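Here is the structure we will look at.
The values are calculated or read from the model by the stated rules, or taken from the named source; none is laboratory data. Values in this document were obtained by computation on a predicted structure and should not be read as measured data. A quick note on method: Cβ atoms are made from the backbone with ideal geometry, for glycine too, and the neighbour counts reach across all protein chains shown. Protein only, heavy atoms only, side chains kept; ligands, DNA and RNA dropped before computing areas. Shrake-Rupley method; radii C 1.70, N 1.55, O 1.52, S 1.80 Å.
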Amino acid sequence: MKFNRFSLAFARPALARPVALVILAIAASAGIVGCKKAPFKLPDTEVLIAPPVQQDVTVHSEWVATLDGYVNAEIRPHVSGYIISQNYREGDVVRKGQVLFEIDPRPFQATLDGAKGELAQAKAQLGKSTIDVERDTPLAAQKAIPKEKLDNEIQAKLAAQALVQSSEAAVERAELDLGWTKVTSLVNGVAGIAEVQMGNLVGPNVRLTSVSEVDPIKVYFPISEQEYLRAKHVSSSGQPMQLFDSAPELILADGTVYPHKGKILWTDRQVDTSTGTIRLVAAFSNPGNILRPGQYGRVRIQTSTQNNALLVPQSAVKEIQGGYQVAVVGADKKASIRPVKAGEKVGTMWVINGGLKPEDQVVVEGIEKVKDGTTVVPKTAQIQAEAR
């Protein structure tokens, strides 16, 4: 192929263009490398700090509680027979003596009628024996009849009197059995679900239902042996507890505080050797029968007063694996994580029984943002414990 001057002149710029682009790319990359990167700065960690609030607080203790009827009566028949009637509605309030069930009375009525007939015969025999004795007594005195005859008549009269007494007892027992065919409530209270159906054959060993007196209602709760000794003011260690003279509160299963306070009734006779606890019994008023046997809750009692206690907001306390921590900011504006001994919660505050001093600056908001040694920007917060 032949090229002249003109063709070469036009070809040189075309060949030089890729070389120029490579040079420009190298120059651009060299310029980027030559630029200095701006240093990355973390944002300041701002936290709110405040010293613990120091004040007197009342100390409460809580125990798991079980509710039960003040009186629980098992309704069982005294006689055997077939159920023919249920005269109450399950779950209703019933009165003492109210008929709950009826047993077929006909066999017992027949027994009563037979006993009355035997009593009548015994009385007739007694009457004849009495007449014989009254008639023959003067004759025997006049020796008109043998004395042996009078003696026999006197003994026959005594036997007739005994038979009358026995027959009267049989009539009384038959009347009782007939009356027991109407099974009544033994107490005022709430009747439970019937455990038998119409036509069932029942006897004294069969429970028909239960009736519980629930106003007031009993509340059982166990306390430890050590707490019992402190409450009796005989313990050599620990602060004495004001337990038996305090009005207990009842916290229901959903956390609701029952509006009526209770009263401690008595203490069980012995300590449970398997748990080391002793049961206490309290009574709570129960208008409307709202509370029922078998419910669970917690009993809370004001047991003592803690003077000059240190309190921090609950937001300042972190719970980790059963322990408690707070963050404290020093003069160098660095946070330090400190384990503490947490006590009772008082409203939105938390009593700290160990690990803090009154002059410590505690992180009350933002504890989740700091670690041990974190530099912070502290801002003072104003906190105030709730009056209690």
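At a glance:
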item: Residue in region 132-151 that is surrounded by 15 or more Cβ atoms within 10 Å (Cβ to Cβ), polar (S, T, N, Q) and assigned to a helix (DSSP H, G or I) present; result: no
item: Residue match in region 42-54 (condition: under 30 Å from Ala231 (Cα atoms) and either within 40 Å of the chain's Cα centre (by Cα) or modelled with pLDDT under 95 (or both)); result: yes
item: Matching entry among Ala282, Ala247 (being touching a Pro at 6+ places or on another chain (Cβ under 6 Å), of a type in the set (A, V, I, L, M, F, W, C) and at pLDDT 90 or above); result: Ala282
item: Pair list, Cβ < 7 Å and 6+ apart or interchain, from region 264-286 residues that are without any contact (Cβ under 8 Å) to a residue 12 or more places away in the chain and β-branched (Val, Ile, Thr) to residues that are surrounded by 14 or more Cβ atoms within 10 Å (Cβ to Cβ) and in a strand (DSSP E or B); result: none
item: Test: residue in region 104-127 that is outside any helix (DSSP H, G or I), open to solvent by less than 70 Å² (accessible area, probe 1.4 Å) and farther than 30 Å from Pro222 by Cβ; result: yes
item: Ile278 touching an Asp or Glu at 6+ places or on another chain (Cβ under 7 Å) and assigned to a strand (DSSP E or B); result: yes
item: Which numbered condition Asn308 fails, given (1) in contact with a strand residue (DSSP E or B) (Cβ under 7 Å, 6 or more places away or on another chain); (2) assigned to a loop (DSSP other than H, G, I, E, B); (3) open to solvent by 50 Å² or more (accessible area, probe 1.4 Å); result: (2)
item: Matching residues in region 233-257 - criterion: being of a type in the set (A, V, I, L, M) and farther than 17 Å from Val219 by Cα; result: Val234, Met241
item: Flag for Val328 being surrounded by 15 or more Cβ atoms within 10 Å (Cβ to Cβ), under 40 Å from the mean Cα position of the chain (by Cα) and without any contact (Cβ under 8 Å) to a residue 60 or more places away in the chain; result: yes
item: Close pairs from region 58-71: first in contact (Cβ under 8 Å) with a residue 12 or more places away in the chain, partner acidic (Asp, Glu) and crowded, with 16+ Cβ neighbours inside 10 Å, Cβ under 6 Å, at least 6 apart; result: Val59/Glu344; Gly69/Glu213; Tyr70/Glu213; Val71/Glu213
item: Filter result for the condition that a residue is at pLDDT 95 or above and of a type outside the set (A, V, I, L, M), over Thr66, Thr58; result: Thr66
item: Number of positions in region 281-296 that are open to solvent by less than 10 Å² (accessible area, probe 1.4 Å) and not in a loop (DSSP other than H, G, I, E, B); result: 3
item: Scan of region 67-92 for residues that are surrounded by fewer than 16 Cβ atoms within 10 Å (Cβ to Cβ) and part of a strand (DSSP E or B), ordered by number; result: Val71, Glu74, Tyr82, Ile84, Ser85
item: Cβ-Cβ under 7 Å pairs, at least 6 apart or on other chains, region 87-101 side at negative phi, far side of a type in the set (Val, Ile, Thr) and outside any strand (DSSP E or B); result: Glu90/Ile193; Lys96/Val187
item: Strands (runs of 3 or more DSSP E) fully within region 331-388 counting 1 or more residues that are open to solvent by less than 40 Å² (accessible area, probe 1.4 Å) and at pLDDT below 85; result: 335-346
